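The values are calculated or read from the model by the stated rules, or taken from the named source; none is laboratory data. Only a predicted model underlies this, so the values are computations on that prediction, with no experimental measurement involved. In this analysis, Cβ positions are derived from the backbone assuming ideal geometry, glycine residues included, and neighbour counts consider all displayed protein chains.
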């Protein structure tokens, strides 16, 4: 076990300790936080975490505080830096939390309606 | 451990990893472990418009469980060696 641990890519996350990371989760959300701890399942602890929500051309960071993420929900973790931050928001406009939450709800309602209409049109395919 | 061993031989090669959420990431393979977790460097995402937050990520760790496909460069698999290794592993050697 010790050997496998030593050789693993999970172990190479050591290099990312205390770095600011973007963590993509299985539900499609994106968390940005400072990596403070991890284990072989990629369970992670993020400090000063924020959820970055992007809807169309608007974005906002919703503060989350200290976050423990269960490994199975992790899709990927990417290095995030000052330079990275600038590239990520290029062409986007920052709005406040309440506004982005409203925009996200409107967006998912529109998606749901689209799905509903498509479902009702199903009979046309037959 | 056959696929783990095989992936280790691909370290340093450019690969494209397609995830179960349809995100496709191209980059240089840096490391891989027994769960087939993957680390990539100099990554590029195929559909940046849909994933704007990925524009700033250049190095990333991908959890093995979310990987659907790994595309490898042509000529990076010696079928005969893999074939032999498979038989050896099946015999439990």
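Quick look at the values:
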| read-out | value |
| --- | --- |
| Selection count where residues are closer than 24 Å to residue A:91 by Cα and in contact with a helix residue (DSSP H, G or I) (Cβ under 7 Å, 6 or more places away or on another chain), scope the stretch B:1-56 | 6 |
| Filter result for the condition that a residue is crowded, with 18+ Cβ neighbours inside 10 Å and farther than 22 Å from residue A:31 by Cβ, over B:29, B:2, B:23 | B:29 |
| Residues (within 11 Å of chain B (Cβ to nearest Cβ), surrounded by fewer than 18 Cβ atoms within 10 Å (Cβ to Cβ) and either at pLDDT 95 or above or out of contact with any strand residue (DSSP E or B) (no Cβ under 7 Å at 6 or more places or on another chain) (or both)) located in the stretch A:44-58 | A:56 |
| Residue A:118, sole failed condition from (1) closer than 19 Å to residue A:54 by Cβ; (2) in a helix (DSSP H, G or I); (3) modelled with pLDDT under 90 | (1) |
| Breaking point among (1) modelled with pLDDT of 90 or more; (2) in contact with a strand residue (DSSP E or B) (Cβ under 6 Å, 6 or more places away or on another chain), for residue B:57 | (1) |
| Per-region count, the stretch B:66-93, residues in contact (Cβ under 8 Å) with a residue 24 or more places away in the chain and either touching a strand residue (DSSP E or B) at 6+ places or on another chain (Cβ under 8 Å) or more than 17 Å from residue B:2 (Cα to Cα) (or both) | 8 |
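Residues checked against (1) within 11 Å of chain A (Cβ to nearest Cβ); (2) more than 28 Å from residue A:84 (Cα to Cα); (3) not in a helix (DSSP H, G or I):
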position: B:8; (1), (2), (3): yes, yes, no
position: B:27; (1), (2), (3): yes, no, yes
position: B:31; (1), (2), (3): yes, no, yes
position: B:35; (1), (2), (3): yes, yes, yes
position: B:50; (1), (2), (3): yes, no, yes
position: B:88; (1), (2), (3): no, yes, no
